[in-house]
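A short write-up of the structure that comes next.
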Amino acid sequence: MSLAVELGQSLFYVLVFPGFAFLFGYALVAEYADRKLYARLQNRVGPPAVQPFADFLKLLSKESIVPEDAEGTIFEAAPIVALAGVLTPILYVPIWSVEAVFAFQGDLIVVLFLLTIPSFALIFGGWHSRNAFGQVGTVRTLTQLFGYEIPFFLACLAPAVAAGTWSVSGIASFVGTRPLYIPVFAIGFAVALLSLQAKLERIPFDVPEAETELVTGPLVEYSGRKLALFRLTKDVELVVGAALLSALFLGGPYPAGAIADVGSTAGAVIGFGVFLVKTLAIVFVLTVLRAVLARLRIEQLVSVFYLWLVPLALIQLAVVGVVGTTEVIP
Amino acid sequence: MGKLLEWARSASPWILHLNCGSCNGCDIETLDSLMPRYDLERFGVLKKDTPRHADVLVCTGPVTRQMEPRLERIYEQMPEPKLVVAAGSCAASGGVFQDCYSCHDGVDEVIPVDMYVPGCPISPEALIDGLVRLLEESGEGGKASRLRERSEGIFEDSDAPAGVIDDEHVADT
Ligand code: SF4
């Protein structure tokens with residue numbers, strides 16, 4: 001393959017599919033699904049399908065204020081950094097085939113690292129807005145970060161240990177070809193789902209936003225296109241987080257591999273369909289959690305993560321160890 | 001592109017609800033319109049908590065003297081383009097608080113108002129009607145009268161009276 005072709009292909013991956021353009025569209029679809037389902041669960045009609053797009057466009061066209069006291073550069077850079085941080089990991093998560101587009105040994109660590117960037121961007125942006133509400137919200141974001149990251153990492157460790165690889169694609173094909181492992185990972189999956197919910201700062205873990213007392217926390221001073229980028233970041237993070245969980249715990253594009261040859265076009269189409277079904281199912285679960293639970297206080301949140309989810313994640317690792325050494329699953 | 005932006009603006013009005021000394025009747029009705037029975041989210045309306053995120057300021061009450069600087073401040077904090085709805089008889093004219101020593105006679109003595117929603121208290125239907133009409137109008141290239149007058153600099157001085165209430169800007173009850 002000539003250099004030009006390879007470069008063009010890489011650019012296509014980054015900018016169109018599965019990179020920017022696809023993620024942008026899919027994130028808006030996911031936001032719509034999330035808001036519509038949330039409204040239906042509350043017995044409301046809910047927004048029309050184009051609503052997320054209209055919101056995004058309107059915010060882009062509005063005035064974007066930088067407060068006088070704010071640290072201008074950091075305040076303006078934060079949303080861009082956050083968006084870049086969540087757009088990148090999709091390149092390492094398998095979507096339509098067993099291999100992700102830029103898979104390499106150890107990409108799981110890169111993905112987990114990149115997924116923490118939006119939280120840090122939010123922390124820097126919120127803190128440097130120099131708004132009292134923003135700063136209190138930032139402190140809570142930070143407290144919450146230490147709560148959910150550890151169980152999230154531990155939970156993601158379980159499939160990696162079972163598969164004996166640090167590559168997301170490798171783990172997906174390991175779990176996909178041995179579907180009996182999916183129930184083994186049940187505890188880890190639950191822990192990862194709850195941690196993802198906290199990462200996204202959604203109810204019941206939306207203490208940093210807490211609109212009744214902190215008027216949306218770190219985002220309080222953001223307006224116009226900077227707010228639009230932060231909202232898009234949240235949506236993309238939802239999609240990418242769901243894609244990561246589906247690859248790690250549910251076997252990614254499998255069982256498409258069993259139906260058609262994964263390398264072929266038919267296999268790719270079926271694999272992509274399976275990807276959509278699995279990610280939307282995860283979004284569905286997260287929405288139901290958001291609709292049926294009430295917000296925790298910050299200290300309750302920390303104790304939920306340290307007293308319940310961390311031990312559960314450790315139990316999951318032990319279960320994986322036992323299953324692996326006794327070789328009950330071929 | 002202009003058409004698309006106009007559509008986006010009128011399809012996604014986020015409101016900030018501000019109590020400027022109302023008796024709470026209008027506030028309950030405003031929140032009522034966001035509840036399942038009326039569900040303003042059908043029209044893309046979301047209730048926002050900070051003026052920085054909002055497009056439409058829904059004010060209730062006659063504006064007490066205590067509230068006046070705060071109302072001005074919050075109005076200034078909202079990013080352009082912004083619209084103001086005076087919800088309830090008090091917000092439109094002072095209502096039962098007219099000539100009260102501690103109150104203004106309506107929101108338009110403090111900030112420019114784009115739409116008056118009458119009623120004591122307003123009914124959710126009236127508020128929805130007011131919002132929809134306001135958005136129809138502001139969608140047409142920002143033709144709401146306030147926007148026109150703003151560009152002519154009439155409201156540079158916040159002491160200036162903010163236009164008269166004409167039929168065109170009063171929602172049906
Ligand atoms: S208009 Fe009536 S209900 Fe509304 S704030 Fe005034 S007195 Fe209360």
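At-a-glance table
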{"quantity": "Residue count for segment B:94-127, restricted to those that are within 13 Å of the ligand (Cβ to nearest atom) and in contact with a strand residue (DSSP E or B) (Cβ under 7 Å, 6 or more places away or on another chain)", "calculated": "11"}
{"quantity": "Residue check, A:Arg225 surrounded by fewer than 24 Cβ atoms within 10 Å (Cβ to Cβ) and over 20 Å from the mean Cα position of the chain (by Cα)", "calculated": "yes"}
{"quantity": "Residue count for segment B:18-39, restricted to those that are within 14 Å of another protein chain (Cβ to nearest Cβ) and crowded, with 21+ Cβ neighbours inside 10 Å", "calculated": "2"}
{"quantity": "Matching residues, segment A:174-208, being closer than 30 Å to B:Glu80 by Cβ and crowded, with 23+ Cβ neighbours inside 10 Å", "calculated": "A:Glu201, A:Pro208"}
{"quantity": "Single match in A:Arg290, A:Arg297 (criterion: within 27 Å of A:Ala39 (Cβ to Cβ), surrounded by 16 or more Cβ atoms within 10 Å (Cβ to Cβ), among the basic types (Lys, Arg) and more than 14 Å from chain B (Cβ to nearest Cβ))", "calculated": "A:Arg290"}
{"quantity": "Segment A:124-140, subset surrounded by fewer than 21 Cβ atoms within 10 Å (Cβ to Cβ) and in contact with a helix residue (DSSP H, G or I) (Cβ under 8 Å, 6 or more places away or on another chain), residue farthest from A:Tyr222 (Cα to Cα)", "calculated": "A:Val136"}
{"quantity": "Within segment B:61-83, considering residues that are within 16 Å of the ligand (Cβ to nearest atom) and of a type outside the set (S, T, N, Q), the one farthest from A:Leu227 (Cα to Cα)", "calculated": "B:Pro62"}
{"quantity": "Number of positions in segment B:49-60 that are within 13 Å of the ligand (Cβ to nearest atom) and among the hydroxyl-bearing types (Ser, Thr, Tyr)", "calculated": "1"}
{"quantity": "Number of the exception - B:Tyr38 against (1) more than 14 Å from the ligand (Cβ to nearest atom); (2) over 22 Å from A:Gln42 (Cβ atoms)", "calculated": "(2)"}
{"quantity": "Index of the failed condition, A:Phe53 passing every other in (1) farther than 23 Å from A:Ser119 by Cβ; (2) over 23 Å from the mean Cα position of the chain (by Cα)", "calculated": "(2)"}
{"quantity": "Residues satisfying the stated conditions in segment B:44-75, i.e. charged (D, E, K, R) and at the interface with chain A (Cβ under 10 Å from one of its Cβ atoms)", "calculated": "B:Lys47, B:Lys48, B:Asp49, B:Arg52, B:Asp55"}
{"quantity": "Counted residues, segment A:264-280 - those being among the aliphatic types (A, V, I, L, M), more than 16 Å from A:Val93 (Cβ to Cβ) and without any contact (Cβ under 8 Å) to a residue 60 or more places away in the chain", "calculated": "2"}
{"quantity": "Matching helices (runs of 4 or more DSSP H) fully within segment A:30-139 where at least 3 residues are within 14 Å of another protein chain (Cβ to nearest Cβ)", "calculated": "A:51-61"}
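No lab work stands behind these numbers, since they all come straight from the coordinates. Small disclaimer: the values here were computed from a predicted structure and weren't measured. When we count neighbours, we look across all protein chains shown, and the Cβ atoms used for this are built from the backbone with ideal geometry, even at glycine.
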